[in-house]
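Please read the structure below before turning to the comments.
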Amino acid sequence: MLKPQKKVSRREIKEDKLVTAYFETRGWIEQNTKILSYVAIGLVGVAVIGFLWTKNRADSNDKATTMLAKVIPYYDEGKYDPAINGVPQEGTQGLQAIVDEHGSTKTGQLAKLYLASSYYALKNYDKALEYYNDISVSDKLVSASALAGAAACYEAKGDLSKAASYFEKAASKNMTLMQAPENLQRSAVNYAAVGKKEKAVELLQTLKKEFPTSTYAREVDRFIAEYSS
């Protein structure tokens, strides 16, 4: 006579599944130990590479800062050729070298702004535009300066429509007393020059409202009257 089968509880079923899963996992690990070791090594490698990349980037920025400090006096004195190319006999590397070697760093981006401005001062507008348009930073002051620099290049090249647009972008990028009033006025003047006088008046009214104490606000009413007639 057959003995009645023992009734298996849900708990026992659950425990049995866990035990089975444990041994299956253990067996897979034993069979794939080599693969897992490679994965572990790979993860460590990624961590090390990340650390070295961060450290190298910091070192690169420090080098760029030291180099920029040496060459800035030439820029400030209006000596743009040595500012760009450096003074080898004095061991001073120029802005071009800083940008070429460390352009992706924070200081390298600032050096790029000085480099573009140097080319602008030498009336090499195409070269200046190349670097103004290549600047990408989170700093609003630097970003607005780059946009205004590009606008000035387009203005000098006679592309007043682009100049107006870029001056407007520069103003909106950093709406502070330090930069926005001039950019708003220059944008308005260029818009008016290409026949967009309503747009020019709109920007001038923004200038008058937002920055009434700025020196650029003194001429706003005259410009508005001229462009409204």
Q.
I need a count of the residues in region 149-179 that are surrounded by fewer than 24 Cβ atoms within 10 Å (Cβ to Cβ) and either closer than 25 Å to Thr213 by Cβ or not polar (S, T, N, Q) (or both).
A. 20
Q: Residue by residue through region 80-94, note down the ones that are modelled with pLDDT under 95 and of a type in the set (D, E, K, R).
A: Glu90
Q | Condition check for Asp221: without any contact (Cβ under 8 Å) to a residue 12 or more places away in the chain, out of contact with any Gly (no Cβ under 6 Å at 6 or more places or on another chain), on the phi < 0 side of the Ramachandran plot and not small (Gly, Ala, Ser) | A | no
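Consider Leu141 carefully, then state whether it is part of a helix (DSSP H, G or I) and either in contact with a strand residue (DSSP E or B) (Cβ under 8 Å, 6 or more places away or on another chain) or modelled with pLDDT of 95 or more (or both).
no
The values are calculated or read from the model by the stated rules, or taken from the named source; none is laboratory data. Here the structure is a predicted model, which is why all the values come from computation and not from measurement. Every residue, glycine as well, gets a Cβ built from its backbone with ideal geometry; the counts of neighbours run over all protein chains shown.
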